[in-house]
Structure formats: C-alpha cells, structure tokens
Amino acid sequence: MMKRTASAVAFAAAAALVLPVSASADSGCQNGKLCAWSQPGFTGDKEVEGPINLECIGITLTQGARSTKNMSTRTIVFFTGQDCAFDGSPTAIVLPNSQSSSVADSFSFLVTAG
C-alpha cells in the first residue's frame, strides 16, 4: 500500500510538471518597463517593453493590447493603428506608475516627455 501511494504521488508530481502554465499567471511588471496583455484584467499573452524612450512603438500582440501597466516615469498614449497618431486614434492614456485593466484594442503606443 505504501509503495502504491508513493507511486501515485510521484505520478501526480510528474503530471504537474508537464501542464502548461497559464499566461495570466504573470500579471506583474518591473520598474522602468511597460507591460501589455492581450486580454483585459492583465491576462492572456504578455509583451514587455523597456527601457522606455521617446518614440512610437508597435505592439507585437496579435490581438493588440487590452490591458497595460506603465511602470516607467513617462506618460504613454495608446493608439488603434500600428503607427501611433499617424495611423489610428488614441485609445488610452496611461500615466507613469499606473495601470489600465481594460483598454480598447491598441496596436501601438507613443511615449511622451512627461
């Protein structure tokens, strides 16, 4: 009986190692970075950008960003198009060290001076 229990525990432990980890398990964002998720509420696929410079950056998430954390010292403006204001409308403004748990589909962002 003891051997069967040990085998069951070993099997369960091995099974746990091969199960995929949900993308929503990582909802953190390091200081100085901008993090964007493909779904509201900081879930789904995650993209991390940083260090943040004054520029327009295209978001590589296939579905765009739907939630964000701005852990930089700059204000970030999100846009519907791939080329910031030149190809889309603003969808959200995220201030330094703040977050937005639900934004419209955003495919680029512009880093501002302050």
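Structural remarks
- Scanning the stretch 99-109 for residues that are surrounded by 14 or more Cβ atoms within 10 Å (Cβ to Cβ) and farther than 21 Å from Q30 by Cβ yields a total of 4.
- Beta carbons closer than 6 Å, at least 6 apart along the sequence or on distinct chains, pair a first residue in the stretch 72-90 that is more than 11 Å from D105 (Cα to Cα) and β-branched (V, I, T) with a second that is at pLDDT 90 or above and in a loop (DSSP other than H, G, I, E, B) for T73/P96; T75/L95.
- Residues of the stretch 68-93 satisfying the condition of being buried (at least 16 other Cβ atoms within 10 Å of the Cβ) and within 17 Å of N31 (Cα to Cα): T68, K69, N70, M71, S72, R74, T75, I76
- Failed condition for P96, given (1) modelled with pLDDT of 90 or more; (2) loosely packed, with under 15 Cβ neighbours inside 10 Å; (3) within 13 Å of the chain's Cα centre (by Cα); (4) assigned to a loop (DSSP other than H, G, I, E, B): (3)
Yes/no matrix, rows are residues, columns are (1) over 16 Å from V103 (Cβ atoms); (2) under 9 Å from the mean Cα position of the chain (by Cα):
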| position | (1), (2) |
| --- | --- |
| W37 | no, yes |
| G41 | no, no |
| D45 | no, yes |
| G50 | yes, no |
| N53 | yes, no |
| C56 | yes, no |
| S67 | no, yes |
| N70 | no, no |
| V77 | no, no |
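- Flag not set for T60, criterion: out of contact with any Lys or Arg (no Cβ under 8 Å at 6 or more places or on another chain) and in a strand (DSSP E or B).
- Residues that are free of Cβ contacts under 8 Å to residues at least 40 places away in the same chain and either surrounded by 17 or more Cβ atoms within 10 Å (Cβ to Cβ) or not hydroxyl-bearing (S, T, Y) (or both), drawn from the stretch 50-60: G50, P51
- Residue check: A23 meets all listed conditions (1) small (G, A, S); (2) surrounded by 14 or more Cβ atoms within 10 Å (Cβ to Cβ); (3) at pLDDT 50 or above; (4) under 10 Å from the mean Cα position of the chain (by Cα) but one, namely (3).
The values are calculated or read from the model by the stated rules, or taken from the named source; none is laboratory data. What you are looking at is a predicted structure, and each value in this text was computed from that prediction instead of being measured. In this analysis, Cβ positions are derived from the backbone assuming ideal geometry, glycine residues included, and neighbour counts consider all displayed protein chains.
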